[in-house]
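Each remark here refers to the structure printed beneath this line.
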Amino acid sequence: MIWGLFYLTLLISLSFYAERSKIAETRTAIRTLAVASVLTLVAVLSGVDFATASMLLTMLDFAVLGIFVVLALTSTRYWTLCLPAFQLITCMTHLAKFAAPNIVPHVYEASQGFWAYLQIIVIFLAIWWGRAHEKAMLNAAIRK
(Lines give C-alpha, C1' and ligand atoms only; values in the text may rest on other atoms or scores of the structure.)
Protein backbone atom coordinates (compact mmCIF):
# COMPACT_ATOMS: atom_id res chain seq x y z
CA MET A 1 0.00 0.00 0.00
CA ILE A 2 2.76 2.43 0.89
CA TRP A 3 4.51 1.78 -2.43
CA GLY A 4 1.27 2.51 -4.28
CA LEU A 5 0.95 5.87 -2.55
CA PHE A 6 4.62 6.59 -3.21
CA TYR A 7 4.14 5.72 -6.89
CA LEU A 8 1.05 7.92 -7.21
CA THR A 9 2.86 10.82 -5.51
CA LEU A 10 5.77 10.46 -7.92
CA LEU A 11 3.44 10.18 -10.89
CA ILE A 12 1.39 13.26 -9.96
CA SER A 13 4.50 15.31 -9.18
CA LEU A 14 6.14 14.34 -12.44
CA SER A 15 2.93 15.05 -14.34
CA PHE A 16 2.97 18.65 -13.13
CA TYR A 17 6.69 18.92 -13.89
CA ALA A 18 6.20 17.51 -17.39
CA GLU A 19 3.28 19.81 -18.16
CA ARG A 20 5.52 22.80 -17.40
CA SER A 21 8.17 21.57 -19.80
CA LYS A 22 7.99 22.29 -23.49
CA ILE A 23 9.08 18.81 -24.54
CA ALA A 24 6.16 17.07 -26.25
CA GLU A 25 7.61 13.58 -25.82
CA THR A 26 7.78 13.87 -22.04
CA ARG A 27 4.21 15.09 -21.84
CA THR A 28 3.00 12.25 -24.05
CA ALA A 29 4.96 9.68 -22.05
CA ILE A 30 3.79 10.84 -18.63
CA ARG A 31 0.19 11.17 -19.81
CA THR A 32 0.34 7.62 -21.12
CA LEU A 33 1.73 6.37 -17.81
CA ALA A 34 -0.87 8.34 -15.84
CA VAL A 35 -3.82 7.05 -17.85
CA ALA A 36 -2.52 3.47 -17.69
CA SER A 37 -1.96 3.77 -13.94
CA VAL A 38 -5.48 5.06 -13.37
CA LEU A 39 -6.96 2.29 -15.52
CA THR A 40 -4.87 -0.30 -13.66
CA LEU A 41 -6.10 1.09 -10.34
CA VAL A 42 -9.70 0.93 -11.56
CA ALA A 43 -9.18 -2.67 -12.68
CA VAL A 44 -7.65 -3.66 -9.34
CA LEU A 45 -10.43 -1.93 -7.39
CA SER A 46 -13.02 -3.72 -9.53
CA GLY A 47 -11.69 -7.11 -8.49
CA VAL A 48 -8.69 -7.94 -10.67
CA ASP A 49 -5.89 -9.26 -8.48
CA PHE A 50 -2.37 -10.48 -9.06
CA ALA A 51 -3.09 -14.04 -7.92
CA THR A 52 -3.91 -14.89 -11.52
CA ALA A 53 -2.86 -13.37 -14.81
CA SER A 54 -5.41 -10.83 -16.01
CA MET A 55 -6.17 -10.48 -19.69
CA LEU A 56 -7.44 -6.94 -19.01
CA LEU A 57 -4.16 -5.80 -17.45
CA THR A 58 -2.20 -7.63 -20.15
CA MET A 59 -4.08 -5.85 -22.93
CA LEU A 60 -3.63 -2.52 -21.16
CA ASP A 61 0.13 -3.03 -20.85
CA PHE A 62 0.43 -4.09 -24.49
CA ALA A 63 -1.52 -0.95 -25.50
CA VAL A 64 0.95 1.16 -23.51
CA LEU A 65 3.78 -0.72 -25.23
CA GLY A 66 2.27 0.21 -28.60
CA ILE A 67 2.05 3.88 -27.65
CA PHE A 68 5.64 3.89 -26.41
CA VAL A 69 6.87 2.17 -29.59
CA VAL A 70 5.13 4.79 -31.74
CA LEU A 71 6.59 7.53 -29.55
CA ALA A 72 10.09 6.08 -29.87
CA LEU A 73 9.80 5.66 -33.64
CA THR A 74 8.52 9.19 -34.23
CA SER A 75 10.81 10.99 -31.81
CA THR A 76 14.25 12.41 -32.49
CA ARG A 77 15.30 11.86 -28.89
CA TYR A 78 17.15 8.77 -27.76
CA TRP A 79 15.67 8.50 -24.26
CA THR A 80 12.33 7.47 -25.73
CA LEU A 81 13.87 4.10 -26.64
CA CYS A 82 14.03 3.16 -22.95
CA LEU A 83 10.28 3.37 -22.44
CA PRO A 84 9.22 0.57 -24.82
CA ALA A 85 12.14 -1.54 -23.59
CA PHE A 86 10.94 -1.33 -19.99
CA GLN A 87 7.33 -1.78 -21.06
CA LEU A 88 8.22 -4.88 -23.07
CA ILE A 89 9.69 -6.43 -19.92
CA THR A 90 6.44 -5.62 -18.13
CA CYS A 91 4.47 -7.31 -20.90
CA MET A 92 6.72 -10.34 -20.77
CA THR A 93 5.96 -10.77 -17.06
CA HIS A 94 2.28 -11.09 -17.98
CA LEU A 95 3.14 -13.77 -20.50
CA ALA A 96 5.31 -15.52 -17.91
CA LYS A 97 2.37 -15.52 -15.47
CA PHE A 98 0.12 -17.05 -18.16
CA ALA A 99 2.76 -19.68 -18.89
CA ALA A 100 3.49 -20.44 -15.21
CA PRO A 101 0.37 -19.61 -13.17
CA ASN A 102 2.01 -20.75 -9.92
CA ILE A 103 4.30 -17.68 -9.81
CA VAL A 104 3.88 -16.09 -6.39
CA PRO A 105 1.42 -13.15 -6.63
CA HIS A 106 3.73 -10.75 -4.76
CA VAL A 107 6.56 -11.48 -7.19
CA TYR A 108 4.24 -10.93 -10.14
CA GLU A 109 2.93 -7.68 -8.65
CA ALA A 110 6.44 -6.42 -7.85
CA SER A 111 7.70 -7.25 -11.32
CA GLN A 112 4.84 -5.23 -12.77
CA GLY A 113 5.49 -2.14 -10.66
CA PHE A 114 9.27 -2.13 -10.75
CA TRP A 115 9.55 -1.16 -14.41
CA ALA A 116 7.11 1.73 -14.01
CA TYR A 117 9.47 3.33 -11.50
CA LEU A 118 12.29 3.12 -14.04
CA GLN A 119 10.07 4.70 -16.68
CA ILE A 120 9.31 7.55 -14.28
CA ILE A 121 13.03 8.05 -13.67
CA VAL A 122 13.74 8.15 -17.41
CA ILE A 123 10.99 10.71 -18.00
CA PHE A 124 12.21 12.84 -15.09
CA LEU A 125 15.77 12.81 -16.42
CA ALA A 126 14.54 13.69 -19.91
CA ILE A 127 12.70 16.72 -18.56
CA TRP A 128 15.67 17.74 -16.44
CA TRP A 129 18.16 17.41 -19.28
CA GLY A 130 15.76 19.09 -21.71
CA ARG A 131 15.36 22.09 -19.44
CA ALA A 132 19.11 22.29 -18.91
CA HIS A 133 19.58 22.22 -22.68
CA GLU A 134 17.01 25.01 -23.13
CA LYS A 135 18.82 27.14 -20.53
CA ALA A 136 22.17 26.52 -22.21
CA MET A 137 20.75 27.51 -25.60
CA LEU A 138 19.19 30.63 -24.11
CA ASN A 139 22.47 31.62 -22.44
CA ALA A 140 24.33 31.04 -25.70
CA ALA A 141 21.86 33.22 -27.55
CA ILE A 142 22.19 35.98 -24.96
CA ARG A 143 26.00 35.92 -25.20
CA LYS A 144 25.87 36.48 -28.95
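Among the residues of the range 64-76 satisfying the criterion of being surrounded by 15 or more Cβ atoms within 10 Å (Cβ to Cβ) and over 12 Å from the mean Cα position of the chain (by Cα), which is farthest from Lys22 (Cα to Cα)? Of everything passing the filter in the range 64-76, Val69 is farthest from Lys22 (Cα to Cα).
Among the residues of the range 52-63, write down those that are polar (S, T, N, Q) and surrounded by 19 or more Cβ atoms within 10 Å (Cβ to Cβ).
Within the range 52-63, the first condition is being polar (S, T, N, Q), and the residues that meet it are 52, 54, 58.
Within the range 52-63, just Ser54 meets the criteria.
Checked against (1) touching a Ser or Thr at 6+ places or on another chain (Cβ under 9 Å); (2) loosely packed, with under 15 Cβ neighbours inside 10 Å, Asp49 meets all criteria but (1). Of the set (1) over 24 Å from Thr9 (Cα atoms); (2) among the aliphatic types (A, V, I, L, M); (3) modelled with pLDDT under 95, all apply to Leu81 but (3). Under 23 Å from Gly4 (Cα atoms) and either under 13 Å from the mean Cα position of the chain (by Cα) or hydroxyl-bearing (Ser, Thr, Tyr) (or both): is that true of Leu83 in this structure? Yes, satisfied.
What number of residues within the range 1-24 satisfy the criterion of being closer than 15 Å to Gly130 by Cα, in contact (Cβ under 8 Å) with a residue 24 or more places away in the chain and of a type outside the set (D, E, K, R)? Going through the range 1-24 one residue at a time, the tally reaches 5. Of the set (1) under 13 Å from the mean Cα position of the chain (by Cα); (2) at pLDDT below 90, all apply to Gly47 but (1). Identify the residue in the range 1-46 that is among the hydroxyl-bearing types (Ser, Thr, Tyr) and closer than 25 Å to Tyr108 by Cα and, among all such residues, is surrounded by the fewest Cβ atoms within 10 Å (Cβ to Cβ). Among those residues, the one meeting the criterion is Ser46. Taken over the range 25-42, the criterion of being touching a residue at least 12 places away in the same chain (Cβ under 8 Å) and within 11 Å of the chain's Cα centre (by Cα) is satisfied by Thr26, Thr28, Ala29, Ile30, Arg31, Thr32, Leu33, Ala34, Ala36, Ser37. Within the range 103-128, if we keep just the residues that are of a type in the set (Phe, Trp, Tyr) and in contact (Cβ under 8 Å) with a residue 40 or more places away in the chain, the residue that is farthest from Trp79 (Cα to Cα) turns out to be Tyr108.
The values are calculated or read from the model by the stated rules, or taken from the named source; none is laboratory data. All of these numbers come straight from a predicted model, not from anything done at the bench. Note that each Cβ is placed from the backbone with ideal geometry, even for glycine, and that neighbours are counted across all protein chains shown.
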